[in-house]
């Protein structure tokens with residue numbers, strides 16, 4: 001009997017939503033980002049989705065120098081695919097957001113496929129004291145954020161990064177984003193197979209439930225046929241349940257402290273690796289093989305780690 005294709009686990013290590021006050025496990029110093037990324041890879045993550053933070057106070061950063069402080073360490077110790085975010089700031093231009101990818105030429109980058117109201121302001125009500133001065137206003141002011149990803153922005157990112165042979169994690173926060181991606185493929189900006197991340201549960205995007213997951217997949221099947229691979233990112237408490245459902249539907253999965261700070265109801269995760277280990281156990285108990293980095297590269301048609309610049 002032929003071996004069942006592996007399920008890729010992506011781990012999103014730190015992100016740009018949660019702040020240090022919310023969890024002591026959230027890494028923001030470069031040595032901690034590197035250590036947690038390496039541990040997540042050892043636990044079974046085939047892809048590491050990476051943001052940077054200011055080391056002095058944990059604020060989100062898109063400064064390439066902050067990426068430079070941890071990328072070589074991760075590559076030297078982990079064979080996982082490195083995926084650099086191009087959405088790490090809600091307040092900067094697309095040219096600024098893709099600067100780290102242009103410098104380091106990773107195998108993968110995230111690329112958001114449409115503009116949305118992107119908010120996490122209710123989190124500001126959960127804390128009376130904050131570790132750093134920037135945190136409360138940053139979280140509360142997200143009520144007024146528009147995460148800009150226009151067709152012009154998408155074209156600018158695709159065109160600038162094309163010479164680097166970077167594949168994208170196309171983040172789709174709602175059904176319309178799938179149609180945006182189809183349009184961009186028809187315009188020649190992206191080639192098959194595309195890798196789509198269904199993002200469920202962000203305030204401003206589609207909700208995190210099984211009906212919405214099924215609807216997103218049906219729509220993607222209609223638009224892309226056999227020309228896509230897919231994964232699910234479910235924010236907050238829906239993380240593990242929808243990841244397991246996605247795997248049963250033939251998809252891949254994403255976990256990590258960027259997407260949820262918890263390992264169970266009311267219990268903070270101790271690390272990214274703890275979340276990876278848990279979803280790996282779930283997948284294997286359901287009869288799935290977990291894809292290693294080289295299988296992930298084959299599934300997603302990546303250029304290979306020997307062609308990055310870090």
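The values are calculated or read from the model by the stated rules, or taken from the named source; none is laboratory data. These numbers were taken from a predicted model, which means no experiment stands behind them. We place every Cβ from the backbone using ideal geometry, glycine too, and count neighbours over all the protein chains shown.
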By residue number, the members of segment 149-180 that are surrounded by 18 or more Cβ atoms within 10 Å (Cβ to Cβ) and part of a loop (DSSP other than H, G, I, E, B) are 149, 166, 173, 174
Of (1) touching a residue at least 24 places away in the same chain (Cβ under 8 Å); (2) outside any loop (DSSP other than H, G, I, E, B); (3) within 21 Å of residue 157 (Cα to Cα), residue 74 satisfies every one except (3)
Conditions (1) assigned to a loop (DSSP other than H, G, I, E, B); (2) surrounded by 20 or more Cβ atoms within 10 Å (Cβ to Cβ); (3) out of contact with any strand residue (DSSP E or B) (no Cβ under 7 Å at 6 or more places or on another chain) -> residue 128 fails only (2)
* **Filter pass, residue 246 being surrounded by 23 or more Cβ atoms within 10 Å (Cβ to Cβ) and either closer than 28 Å to residue 218 by Cα or within 18 Å of the chain's Cα centre (by Cα) (or both)** => yes
If we keep only residues of segment 38-71 that are assigned to a loop (DSSP other than H, G, I, E, B) and under 13 Å from the mean Cα position of the chain (by Cα), then the residue surrounded by the most Cβ atoms within 10 Å (Cβ to Cβ) is 45
Every listed condition ((1) modelled with pLDDT of 95 or more; (2) at positive phi) holds for residue 266 save (1)
Checked segment 186-212 for anything part of a helix (DSSP H, G or I) and in contact (Cβ under 8 Å) with a residue 12 or more places away in the chain; matches are 210, 212
